[in-house]
Amino acid sequence: MADVTGLDEVLQVLDRLGNDAPKALADAINHTSNQSRIALKQEIQSVFASPTPFTLNAIAVDAARPVGDPEGSVFVKDMAGGKNKAPTDWLGPQVFGGERNQKASEKTLHALGVLPAGMYTVPGKGARKDSYGNISLGHIRQILTSLKRTKNGSKGEEYFVIHRGKSPIGIAQRVGKSAQVVLAFTKQPNYTERLDYSAVVERVADENLISNIDVAVAKLLI
């Protein structure tokens with residue numbers, strides 16, 4: 001539980017409720033947890049440019065139960081969803097900083113022998129992007145399908161691997177008599193902390209938990 005100013009006094013009031021105390025505390029914790037979830041969603045909208053609905057809905061609540069010493073939590077989902085990735089895969093580095101995991105498409109490109117070990121991909125100028133600024137899933141599928149037929153892109157293939165010397169540096173798409181880069185290869189991205197997750201949750205708890213306990217106690221006494 002977050003370090004909430006004035007909590008000790010309120011807990012003394014709860015003690016006087018006897019067997020009803022866990023019910024009141026669980027109710028207050030759950031209200032506070034949901035307020036934290038909403039606040040985190042707003043923070044995500046503030047610090048990230050055009051976050052996807054999957055990202056906005058990445059925060060979940062584990063509800064407190066009205067028995068014993070109730071405990072609840074607010075967490076980032078770790079179950080895979082869109083593009084077979086779990087929210088923790090990309091939100092984790094934004095919360096704690098550090099390196100991100102490989103995307104499924106990067107793993108496929110590596111398995112095909114196209115993407116060198118330790119390298120990652122970023123959209124090129126020719127990438128078709130979705131409304132959130134990411135390369136579209138349909139475009140990724142087209143690229144992978146083409147490269148699965150022939151790793152380096154035969155003369156008849158739309159997509160092919162481009163090199164600097166002997167080193168592969170990206171994937172290009174043939175457009176008429178020219179070509180445009182759709183994916184560039186880069187070293188592993190390293191992120192700095194952008195989403196101050198703990199600070200948001202602690203602020204919401206400090207501002208709301210005690211009043212939520214007061215409301216929960218009042219409901220039991222009515």
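The values are calculated or read from the model by the stated rules, or taken from the named source; none is laboratory data. What you see is a predicted model, and the numbers here were worked out from it, not measured in a lab. Cβ atoms come from the backbone with ideal geometry, glycine included; neighbour counts cover every protein chain shown.
For segment 192-212, the criterion of being modelled with pLDDT under 90, out of contact with any Lys or Arg (no Cβ under 7 Å at 6 or more places or on another chain), of a type in the set (A, V, I, L, M, F, W, C) and not in a strand (DSSP E or B) is satisfied by at least one residue.
If you take the residues of segment 160-215 that are hydroxyl-bearing (Ser, Thr, Tyr) and over 27 Å from the mean Cα position of the chain (by Cα), which of them is nearest to residue 41 (Cα to Cα)? I'd like the intermediate steps shown before the answer.
Filtering segment 160-215 for residues hydroxyl-bearing (Ser, Thr, Tyr) gives 167, 178, 186, 191-192, 197-198, 211.
After this cut, where a residue has to be over 27 Å from the mean Cα position of the chain (by Cα) as well, the list is 167, 178, 211.
On the way: 167: 42, 178: 43, 211: 22 Å.
Going through the qualifying residues, I end up with 211.
Taking residue 114, is it out of contact with any helix residue (DSSP H, G or I) (no Cβ under 7 Å at 6 or more places or on another chain) and either in contact (Cβ under 8 Å) with a residue 12 or more places away in the chain or within 18 Å of residue 188 (Cβ to Cβ) (or both)? Working first, answer last.
Working: out of contact with any helix residue (DSSP H, G or I) (no Cβ under 7 Å at 6 or more places or on another chain): no; either in contact (Cβ under 8 Å) with a residue 12 or more places away in the chain or within 18 Å of residue 188 (Cβ to Cβ) (or both): yes.
Criteria not met by residue 114.
Only one residue in 161, 181, 122 is modelled with pLDDT of 95 or more and surrounded by 12 or more Cβ atoms within 10 Å (Cβ to Cβ). Which one? Steps first, please.
Working: 161 fails: modelled with pLDDT of 95 or more; 122 fails: modelled with pLDDT of 95 or more.
Matching residue, one of 161, 181, 122: 181.
Of the helices (runs of 4 or more DSSP H) lying entirely inside segment 12-111, the ones with 3 or more residues being at pLDDT below 80 and in contact with a strand residue (DSSP E or B) (Cβ under 8 Å, 6 or more places away or on another chain) are found at 87-96. Scan segment 172-191 for residues that are among the basic types (Lys, Arg) and not in a loop (DSSP other than H, G, I, E, B) and jot them down. Answer for segment 172-191, where residues must be among the basic types (Lys, Arg) and not in a loop (DSSP other than H, G, I, E, B): 174, 187. Taking the criterion of being over 15 Å from residue 113 (Cβ atoms) and within 29 Å of the chain's Cα centre (by Cα), the only residue of segment 144-159 that qualifies is 145.
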